[in-house]
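Worksheet: the structure to be examined is printed underneath.
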Amino acid sequence: MSQLKHRPEIDGLRALAVIPVLLFHANFPGFSGGFVGVDIFFVISGFLITGILLKENENQQYSITKFYERRARRLLPALFSVLAVTSVASYLLLPPSELLLYGKSLFASIAMMSNMYFYQTLNYFSVSAERLPLLHMWSLSVEEQFYILYPLILSACFAVAGRRLSFAVTLSLLAASYVGMLYVMGDNQLTLGFYFVGTRAWELLVGSVLAYYMHKLPTQGKVNDIASLTGLGMLLYAITQFEATAQYPNASALIPTIGTALILGFARPSTWVGGKLLVFSPFVFVGLISYSLYLWHQPVFAFLRALNGSHPTLLQFSLGIIGSAVLAYLTYRFVETPFRDREKWSQKRIFTFSLVGCTLLAATGLLFYVKKGLPERYDANVFVEVPKQGERICVVRDFSDVTPDDQRCHRNPDAPLTIALMGDSHGNELVEMLAEVMPNTGIQQVTHSGCPPIGEYYHWDASCREWYPKALDYLIDSEEIKTVIIHYRHTLHLYGEMGDNYPAPPQNKHFKNEAGDKLPNTNALYLAGLDALVNTLTDAGKKVVLTSPTPDLPDDINRMMMPKTVFSDKTKYSRTQTFPSSYYHDYVSVIVDYARTKQAHPLVSFADIGPTLCDTHCPAFYRDEPGYHDSNHVTLKYVAPLAERLKEHLMARSIH
């Protein structure tokens with residue numbers, strides 16, 4: 001096997017990649033951009049693997065069989081160990097709905113398609129993503145998909161025209177991938193842009209291009225000091241100043257990738273960065289166990305969240321980091337290292353081990369999925385089956401073809417259309433039940449998922465930005481619609497998920513401008529947008545009915561109403577007294593205060609329907625059945641009394 005000379009400073013650089021990732025996922029202050037550790041890993045990987053491939057092709061020693069043997073020997077033993085332990089822990093700790101999803105993600109991880117599975121499932125930076133034990137497998141899938149094709153392309157280029165052609169093709173692929181990333185992100189395909197190998201390959205190829213010219217770079221001199229320090233500064237800037245945003249990666253990803261390349265290219269032993277900082281023995285040690293540490297941290301953190309019921313404290317996360325490090329060392333010492341012994345583990349044994357391991361783990365994932373999360377693990381008196389949401393075609397998302405005046409969204413189509421409900425996904429069940437209790441009134445549903453009243457700030461969802469003015473124009477221009485009910489999950493846009501805060505007082509999120517700069521006075525900005533919406537409608541002669549939001553839950557109902565482990569029959573939350581109603585009132589006070597003040601306008605009224613089912617506490621169950629589909633979307637049965645209360649409000653004002 002072709003080997004490159006070992007460079008301990010690269011181990012130190014791996015530490016600089018993995019430590020910020022851990023601290024970012026643990027919500028440590030000062031590491032808001034720690035997710036760029038993955039970008040650093042990509043560049044390192046592209047640099048090292050391409051260096052080996054170049055040497056083998058130049059010496060006519062390249063073998064695809066040996067290449068994949070090295071990959072299997074390096075990656076799979078630790079991966080199988082982590083997946084096996086995580087699967088057992090998931091069986092013991094995760095409720096059926098989450099074990100089912102875990103099974104799907106496990107199968108996708110084994111198939112090296114985890115990135116595409118999560119592309120279809122969720123945004124990496126969403127709150128729900130933090131609870132997935134195998135979320136981090138997306139980056140391994142990107143690498144393996146890249147290394148299915150790139151070594152073959154490189155070898156073919158060498159066979160035709162040698163190193164020069166292979167470099168030209170590598171550079172072309174880098175440019176195409178980078179431009180593709182900019183196009184996909186600019187086209188608002190944000191989740192695809194984050195997970196897709198085609199929009200991430202350029203980061204690995206930055207390392208590949210460096211590998212071609214490494215032999216031409218100076219080994220000593222001031223330029224090395226300046227370049228390596230510049231690279232270090234770029235990494236530190238990205239780690240501490242970047243923020244988790246759905247628009248990543250974008251052009252700013254050049255900062256950590258180029259910074260990594262500068263360190264790889266110029267941090268020689270003669271420099272402070274390469275000769276002192278990165279070879280500091282604790283950094284080198286962390287770098288050596290960095291692969292196993294990366295594998296372990298996400299399951300450990302996910303199970304911390306599962307057991308804690310809300311966000312763990314920094315102390316709990318610190319213990320989780322220590323635990324991950326201990327597991328990583330044990331894995332490195334007793335799993336990774338022994339499998340590198342070619343006398344004990346021949347190529348045939350490695351491939352056999354890989355096949356057996358993949359088969360067993362894939363079968364485990366399929367079992368969890370086919371058996372619907374194995375609800376039989378729980379006592380029948382404990383198990384709660386949460387109802388699934390029905391089809392919601394009138395909740396627009398991702399530029400779907402539903403227009404504000406879509407006839408499919410005209411509830412009670414045989415009745416005259418006089419009312420519209422404008423809102424986000426929370427309006428769906430409310431308008432459905434309102435139409436049921438007011439059968440002689442036509443109601444138009446005008447809703448877009450996650451799309452708030454847009455004010456003087458930049459909303460990241462281009463679909464929302466395009467839909468919102470069209471919806472407003474439709475409501476203004478419609479001669480039939482006399483009344484507009486405004487029903488939003490306002491608290492999401494002000495504070496994020498309730499689970500981000502509860503039981504502590506809610507903390508404001510920050511709105512941003514188009515350049516990504518934070519804007520001050522979140523509440524004022526949001527209320528200004530809401531007020532502009534109300535004023536625009538009333539200026540057009542429309543009656544406006546403001547409503548209070550339905551209560552969120554402190555956690556997903558699947559977690560809240562299931563025991564923490566299969567060995568317990570106790571849940572953390574009560575079904576009927578889930579959290580104090582006083583917390584709900586504090587949570588929505590900004591909106592309620594605005595609505596109470598605004599109803600002084602002769603065309604505006606306020607229907608305080610949100611706390612209809614709350615007394616001293618707000619319930620998660622209604623009439624002995626789950627009242628939620630998740631942490632915030634209520635069921636039709638739960639929303640029925642809210643719709644009745646809204647009907648009473650409308651009828652009292654002769655709105656029908």
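The values are calculated or read from the model by the stated rules, or taken from the named source; none is laboratory data. Because the structure is a prediction, the values reported are computed rather than measured. When we count neighbours, we look across all protein chains shown, and the Cβ atoms used for this are built from the backbone with ideal geometry, even at glycine. Surface accessibility is based on the protein's heavy atoms, side chains included, excluding ligands, DNA and RNA. Shrake-Rupley method; radii C 1.70, N 1.55, O 1.52, S 1.80 Å.
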Which of the lysines could a cross-linker bridge to Lys66, judged by Cα under 25 Å and excluding same-chain residues fewer than eight apart?
Lys5, Lys55, Lys344, Lys348
Round to a whole number: what % of the accessible area of segment 287-332 belongs to carbon and sulfur, probe 1.4 Å?
81
Where does each of Arg268, Arg645 land when they are ordered by accessible area, with a 1.4 Å probe and the largest first?
Arg645, Arg268
Diffusion coefficient, µm² s⁻¹, Stokes-Einstein with Kirkwood Rh over alpha-carbon pairs of segment 392-484 at 20 °C and 1.002 mPa s
161
Need one number: the % of Cα-Cα pairs in segment 519-656 sitting beyond the 19 Å mark.
59
Accessible surface of segment 44-186 [probe 1.4 Å, protein heavy atoms]: carbon and sulfur percent:
67
Starting from 0.36 nm per residue, how many nanometres of slack lie between Ala415 and Gln316 once their C-alpha separation is accounted for?
29.9 nm
Length-normalised contact order of segment 224-288, Cα under 8 Å, at least 6 apart, in percent, tallies to 45
Report Leu132's accessible area, 1.4 Å probe, all protein chains in place, as a number in Å² to the nearest 10.
40
Tabulate in residue order the Karplus-calculated ³J(HN,Hα) for segment 442-456, using 6.51 cos²θ - 1.76 cosθ + 1.60 with θ = phi - 60°, rounded to whole Hz; enter x for Gly and Pro.
x, 10, 9, 8, 10, 9, 9, 4, x, 10, x, x, 8, x, 7
Unit charges on C-beta of K, R, D, E only; dipole of the chain, Debye:
2720
Below 8 Å, C-alpha to C-alpha, sequence gap of six or more: please give me the relative contact order for segment 511-596 in percent.
23
How about segment 143-199: which chymotrypsin sites (Phe, Trp or Tyr not before Pro) there lie in a loop by DSSP and see at most 13 other Cβ atoms within 10 Å?
none
Calculated over segment 92-195: convex hull of Cα atoms, volume per residue (Å³)
102
For Met116, Met560, the accessible-area ranking with a 1.4 Å probe, largest leading, is Met116, Met560
If you take the alpha carbon radius of gyration of segment 15-119 and divide it by 2.2 N^0.38 Å, what ratio comes out, to two decimals?
1.37
Determine the per residue accessible area of the chain with all protein chains present and a 1.4 angstrom probe, expressed in square angstrom.
42
Using just the alpha carbons, could you tell me how many Å³ per residue the convex hull of segment 140-205 encloses?
65
Relative counts (whole %) of C-alpha pair distances in the chain, using bins that are 20 Å wide:
17, 46, 28, 8, 0
Highest to lowest packing among 207-214, 330-337, scored as the average C-beta count within 10 Å:
207-214, 330-337
Spatially proximal aspartates and glutamates relative to Lys598 (Cα-Cα < 17 Å; intrachain offsets below 8 disregarded)
Asp531, Asp539, Asp608
Considering only DSSP states other than H, G, I, E and B, which GluC sites (Glu not before Pro) in segment 354-406 qualify as loop sites with at most 15 other Cβ atoms within 10 Å?
Glu385, Glu391
Return the carbon/sulfur percentage of the accessible area of segment 604-656, one whole number, probe 1.4 Å, all protein chains in place.
47
Partnerless cysteines (no other Cys beta carbon under 4.7 Å) identified across the chain are Cys157, Cys358
Highest first, please rank the peptides 252-265, 275-288 by the mean number of other Cβ atoms sitting within 10 Å of their residues.
252-265, 275-288
